[in-house]
Each structure stands twice: as structure tokens, then as C-alpha cells.
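Taken together, the values in this text are just the output of simple stated rules run on the coordinates, not laboratory data. Since this is a predicted model, take the numbers as computed values, not measurements. So basically every Cβ, Gly included, is an ideal-geometry build from the backbone, and we count neighbours across all protein chains shown.
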Amino acid sequence: MSLLVVGSVAFDSVETPFGHRPEVLGGSATYFSAAASFFGPVRLVAVVGDDFPEAEVAFLAERGVDVTGLTRRAGRTFRWKGRYDFDLNNAHTLETHLNVFADFNPVLPDGYRDSEFVFLANIDPDLQRTVLDQVRSPRLVACDTMNFWITSKRESLLKTLKRVDLLFVNDAEARQLAGEHNIVKAARAILTYGPRALVVKRGEYGALFFSGEQVFAASAYPLPALFDPTGAGDSFAGGFMGYLARTGKLEPAVMRRAIVLGGVVASFAVEQFSLDRLRSLTPDEIRVRYAEFKQLSHFDDLELDLFPAGS
């Protein structure tokens with residue numbers, strides 16, 4: 001099954017309590033592509049400047065990412081600088097330089113228009129709909145967004161949500177979008193906006209999945225070391241969508257496994273800065289951690305006899 005991602009490829013300068021890395025590879029589409037590539041090929045649409053190293057393009061291509069849709073323009077590549085305090089769930093943006101990304105107008109190569117699984121990364125909702133106007137008949141469209149678009153382009157975002165099947169947001173974004181503090185009420189409100197399903201990313205606390213009356217809660221893997229959470233959400237989405245595209249199935253049980261696998265891949269991504277851990281990650285490591293995930297949440301299904309009969 002074909003998987004398409006449209007988003008940003010960038011350079012990040014990241015500071016956490018555990019170190020600092022300037023000018024390292026980042027961007028929503030980059031993390032997504034690297035994560036999804038463990039499960040199958042990925043079609044990438046993004047823009048970079050003439051300063052973007054060919055070695056990084058080669059890295060993506062070697063991972064099975066089709067870079068036909070990666071456009072190179074005169075100018076500098078998108079750059080983001082941020083800092084995390086000990087609460088690694090919240091990033092403090094210090095600088096943003098859109099550079100060539102400011103004029104990003106995603107045009108899909110002809111060979112991408114039949115993509116069956118589509119992920120619209122965190123970009124302007126107007127651009128997200130531009131992509132949807134170019135794909136023919138996708139089986140599943142998922143998108144991500146952020147507080148900036150929820151605040152500044154709410155009406156445009158709501159138009160996009162009417163055309164997607166699945167939305168990825170974190171818990172703060174879900175509350176902001178729905179105007180509800182309770183996350184369950186927020187999720188139910190968001191599902192009335194158009195999406196058939198919602199994934200709420202909760203960082204170190206895991207993820208929640210809502211679809212109709214279904215609710216699934218997945219815990220996060222307990223990591224002894226976490227260095228850089230920058231690409232965690234996009235890596236989660238990449239693992240999730242990559243697995244769905246690999247199986248070609250959308251049944252509830254498959255969705256649940258996809259959530260767990262998304263969490264597995266994201267748990268590796270945060271172990272080092274930038275994409276360094278995803279560069280060295282192997283399929284066997286993913287299999288082992290997936291088995292550990294299952295063991296962490298397993299319990300024997302015995303008859304509950306906490307209370308005496310008739311009490």
C-alpha cells in the first residue's frame with residue numbers, strides 16, 4: 001500500500017537539560033518518513049534550500065523514502081530553535097526562520113496522486129486541503145495540527161477536518177480545539193467536526209484513541225533515558241501510519257496495534273538527539289520492544305472475586 005507524507009524538512013537547534021545540538025536534521029515530514037520507513041516505502045513531499053546536504057537526501061532514499069517530491073529551492077532551509085526544561089512535554093520556541101518553507105506550495109508528482117494512505121503533517125490547513133485536491137481516492141487521510149493553526153486559522157482548520165478520517169493532536173491541542181477541559185468530552189466534540197477517529201498524544205503518558213464509542217488507552221514505554229522529544233509526535237504518527245499502510249487494514253484491532261507500534265518507534269526516537277537513534281534502529285529492536293510493550297500491559301483474565309458473593 002502506498003503512503004504519502006506532506007510536511008516540513010528542517011534544521012533544528014535543540015537544547016534540553018541533557019545537552020545541546022545545533023543545526024541537526026529535523027522537520028515533521030523527516031521524522032515521519034524515517035519512522036514509517038521501517039514498515040514500507042514512503043512518498044515524501046517537502047521543500048529544502050540549496051544549503052541542504054545531499055548526504056541527508058541519500059539517508060532518506062536509503063531508508064526507502066521516495067524523494068521525487070522533495071523540491072530544492074534557492075535559499076536557506078527552514079530552521080527552528082527551541083529549548084526544553086525538565087518538563088520535556090513542552091517546547092519553548094526561541095527562533096523560527098521559515099526561509100524557503102514560507103513559500104511552500106505542495107505539488108504532488110503524478111506518481112503520488114494515487115496514494116492510498118495520506119498523512120498531512122503540521123502545516124497550514126489551506127495547504128493541507130491543497131494536497132487533498134490532488135490525491136484521487138485515498139483510503140485513509142490523517143492530519144496533524146498545532147495550537148498556532150487552532151488559534152490563527154480555526155475556520156480553515158475546520159474545513160480541513162471535514163475532509164480527513166483521522167486527526168493527531170496532543171492533549172492541550174485537543175482541549176483548545178474543542179473548548180473542553182475534559183479530554184473525553186473534547187474528543188467527542190472533535191469527532192463531530194468530521195474525523196472518524198482521533199489520536200490524542202500524551203507524551204510520557206502514552207496515547208488515547210477515540211472512534212465512535214471506542215476508546216483505547218496505550219501507555220508509554222518507561223524509558224530510563226530521554227534526551228530529545230522534538231520528533232516524538234511525528235515518529236509516533238509515522239509508526240502508526242506505516243503499519244496501517246503495510247497491512248492495508250483498518251479494523252479496530254489493527255488500529256490498536258498501530259498505536260502501540262507508533263509508541264514503540266517514538267520511544268526510540270527520543271533516546272538521542274535529532275534522528276540519530278532512528279538512523280541506527282533495527283527492525284529486531286522494534287520487535288523486541290513491541291513484545292516488552294505487550295508484557296507491560298498484560299494481566300491474566302481471571303474471575304474477579306474481590307467481593308464476597310451477595311455483597
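Going from the residue with the fewest nearby Cβ atoms within 10 Å to the one with the most, THR16, THR30, THR93 rank THR93, THR16, THR30.
In segment 144-287, Cα pairs under 8 Å separated by at least six residues give a relative contact order of 17 percent. Shape verdict for segment 3-296, please, from the Cα gyration tensor: rounded (a/c under 1.5), prolate (a/b greater than b/c) or oblate. Rounded, because the longest to shortest axis ratio a/c is under 1.5. Just to confirm the number: angle between the C-alpha axis of helix 232-247 and the first principal axis of the chain, 0 to 90 degrees, nearest 10? Once rounded, the angle reads 80 degrees.
Think of the chain as a dipole: +1 on every Lys or Arg Cβ, -1 on every Asp or Glu Cβ, centred on the Cα centre; then among ASN147, LEU191, VAL47, LEU191 lies furthest on the positive end. Taking 0.36 nm per residue of separation and subtracting the current Cα-Cα distance, fully stretching the chain between THR282 and VAL24 would add 90.7 nm. If you sort the three axes of the alpha carbon gyration tensor as a ≥ b ≥ c, you get a/c of 1.5 or more for segment 159-311 and a/b no higher than b/c, which makes it oblate.
Counted by neighbouring Cβ atoms within 10 Å, the residues SER137, SER115 run from fewest to most as SER137, SER115. Indicate the gyration tensor shape class of segment 33-74 (rounded, prolate or oblate), computed on the Cα atoms with a ≥ b ≥ c the square roots of the eigenvalues: a/c under 1.5 is rounded; otherwise a/b larger than b/c is prolate and the rest oblate. Prolate, since a/c reaches 1.5 and a/b exceeds b/c.
In this Cβ point-charge picture (+1 for Lys and Arg, -1 for Asp and Glu), segment 1-79 has a dipole of about 200 debye about its Cα centre.
In terms of other Cβ atoms within 10 Å, PHE148, PHE39 run from fewest to most in the order PHE148, PHE39.
Comparing VAL264, VAL184, VAL42 in a Gaussian network model of the chain where C-alpha atoms under 10 Å apart are linked, the largest mean-square fluctuation is found at VAL184. Taking Cα centre as origin and charging only the Cβ of basic (Lys, Arg, +1) and acidic (Asp, Glu, -1) residues, the dipole magnitude of the chain rounds to 780 debye. In this simple spin-label model, placing a label point 7 Å from the Cα along the Cα-to-Cβ direction at both GLU251 and THR93 gives a separation of 4.2 nm. Relative contact order of the chain: 17 percent, from C-alpha pairs under 8 Å at least 6 residues apart in sequence.
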